[in-house]
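Remarks on the structure that follows.
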Amino acid sequence: MSKIRTRFAPSPTGRMHVGNLRTALYAYLIAKHEGGDFLLRIEDTDQERFVDEALGIIYRTLEKTGLKHDEGPDKDGGFGPYVQSERCKCGLYMEYAKQLIEKGEAYYCFCDKERLESMHTTVGSDGKEILMYDKHCLHLSKEEVEANLAAGKPFVIRQNNPTEGTTTFHDDIYGDITVDNAELSDMILIKSDGYPTYNFANVVDDHLMQISHVVRGNEYLSSSPRYTRLYQAFGWEEPVYVHCPLITDENHKKLSKRSGHSSYEDLLEQGFLSEAIVNYVALLGWSPEDNREIFSLEELVEAFDYHHMSKSPAVFDINKLKWMNGEYIKAMDFDRFYEMAEPYLKKYITKDLDIKKIAAMVKTRIEVFPDIEGLVDFFNELPEYDTAMYTHKKMKTTEESSLEVLKELLPRFEAHEDYSNDAIYKLLTDYVEEKGCKNGYALWPVRTAVSGKQMTPAGATEIMEIIGKEESLKRIRKGIELLEAAVNK
């Protein structure tokens, strides 16, 4: 088998959509699983949609996700240029388009906008509307064509597809697909600005760059018969097609750029880890034989077999991604975790407290970094809370019993100077032993009083160590005050 070569060919039009990231990832994995090459090619022929900063986004995303390309604009492997606009400058695409004209597989079209807009659409077998060009300019004489060109009349070059028979192409996921040629419109190959269309340029470039496997979204399935006809017209061998299934949201609608989590950058800003995103995206349309879920990129390279990809749409479940991200956070080295958590902790904690200790408390309790806010906000000040929280069936506590416990403990806390976790815990366990109750009977009221929350990232004594003696006593006194008001109603 010849060396596998895959490519990721994004258009620099904005943030990288999750679907584009998956295409890049699958192309990378297919190549690396077999020791092949992964190429980056920039398809910037749509000048109207070009976004200056998007090129930087592409490079940053590939770097952060670990998808290192073997060839690209910054790594010439002998198949460059790797930017389509640069390839255009040498007349490459026009040269190949003219070859098709000579073979009768393409033709000049001089129709103006008004005439094209008057054309009717027909409905294909898949129910989609197709703008069918009527081949008017195919029937122009050679003299008419030359006269129009000499006069500088604007033109495009169209593919000349047959109107009868069928075209069949093979995809390694979807199998053989046959379409009626009557549904194949004569797509534009060269636009009026002289630039090639994506559909034409990617076929020429894939051939010249010796791409063995073309990985793309299944929205390109409908265009593939026309690609097949181009390969056949040139007499070139077709690559292996691998079309990835659609990615939908939880409502089974196509994942929209307006969904709030449709791009890689969106997810990073929402506190997700790059490696968790890559791991999750790998599972949007592919699953290993053993149903394993957590993979490093290196492990994905080892395990990935694209023949296990699904035809069915993949649902982007943000809650599943959050769970996976939480697993990655739990497994992180603490120093790296603290480095990433510190900006959030400093944003959410306004008092001069030991945020490194707080970081250790929250590490195993968050799924994304912004979750930190809801876990640590009570360190700044005691929130308003309902004294019903003191009642806990499992701990066998009530408002009355909690009031009694806090009143009995308050003088002990006032007299105690060592507010380290171990010392306070010893004070509380001594009290529990004297009272002959279970730990929770005393610790639950104290934790509720010092936090004002039902769920906290740590126990009562760890919280008291962080906030210190003065603030701890202030909050316990407040708890007593609230409980007395509730009990004496």
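Since every read-out is calculated from the coordinates, none of them should be taken as a lab result. Note that the coordinates shown come from a computational prediction; the quantities given were computed from them, not determined experimentally. Note that we place each Cβ from the backbone using ideal geometry, even for glycine, and neighbour counts take in every protein chain shown.
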Alpha-carbon centroids, segment 326-391 and segment 153-224: separation in whole Å: 53
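Given the DSSP H assignment, sum -39500 (n - 2.57) over each helix run of at least 4 residues in the chain and divide by its residue total; what's the result at 222 nm in deg cm²/dmol, nearest 500?
Helices in the chain give a 222 nm mean residue ellipticity of -13500 deg cm²/dmol.
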Label-point separation, LYS64 to LYS489 (7 Å along Cα→Cβ), nm: 5.0
Label-point separation, LEU55 to ASN291 (7 Å along Cα→Cβ), nm: 4.8
Debye, to nearest 20: dipole size of the chain, +1 on Lys, Arg Cβ, -1 on Asp, Glu Cβ: 720
Stokes-Einstein diffusion coefficient of segment 267-346, Kirkwood radius over Cα pairs, 10 °C, 1.306 mPa s, in µm²/s: 114
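Counting only Cα atoms, I'd like the Rg/Rh figure for segment 197-281, Kirkwood definition for Rh.
Answer for segment 197-281: 1.09.
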ASN439/LEU410 FRET efficiency (R0 25 Å; Cβ-Cβ; nearest 0.05): 0.85
Mean separation of Cα contacts under 8 Å (6+ apart) over length of segment 236-386, as relative contact order %: 25
Farthest toward positive dipole pole in the chain [+1 Lys/Arg, -1 Asp/Glu at C-beta], among THR398, CYS244, GLY285: THR398
Shape box of the chain [Cα atoms, principal axes, largest first, Å]: 108, 47, 39
Difference of contour (0.36 nm per residue) and Cα-Cα distance, HIS307 to LYS330: 5.1 nm
With 5 Å bins from 0: P(r) over segment 331-382, alpha-carbon pairs, percent: 4, 22, 39, 23, 9, 2, 0
Radius 12 Å from Cβ of PRO154, net charge of other residues (Lys, Arg +1; Asp, Glu -1): +1
Cys with no candidate disulfide partner in the chain (beta-carbon separation under 4.7 Å rule): CYS88, CYS90, CYS111, CYS244, CYS437
Neighbour cut-off at most 10 other Cβ (10 Å), DSSP loop, GluC sites (Glu not before Pro), segment 247-301: GLU289
C-alpha long axis of helix 198-208 to longest principal axis of the chain, angle in °: 80
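Evaluate E = 1/(1 + (r/R0)^6) for GLN99 and LEU268, where r is the Cβ-Cβ distance and R0 equals 41 Å; express this FRET efficiency to the nearest 0.05.
The pair GLN99/LEU268 has a calculated efficiency of 0.35.
Compute the length gained on full extension between GLU143 and ASP180: take 0.36 nm times their separation in residues and subtract their Cα-Cα distance, giving the result in nm to one decimal.
Extending this stretch completely gives an extra 10.0 nm.
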Cα-based helix-to-principal-axis angle, 399-415 vs the chain, degrees rounded to 10: 80
Over segment 406-481: Rg over Rh, Cα atoms, Kirkwood Rh: 0.91
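Taking Cα pairs under 8 Å and at least six residues apart, what relative contact order does the chain come out at, in percent? Don't skip to the end; give the middle numbers.
Details: 704 pairs, mean separation 59.7, N = 489.
Contact order relative to length: 12 percent.
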Net charge of Cβ neighbours under 14 Å - reference ASP76; Lys, Arg +1; Asp, Glu -1: -2
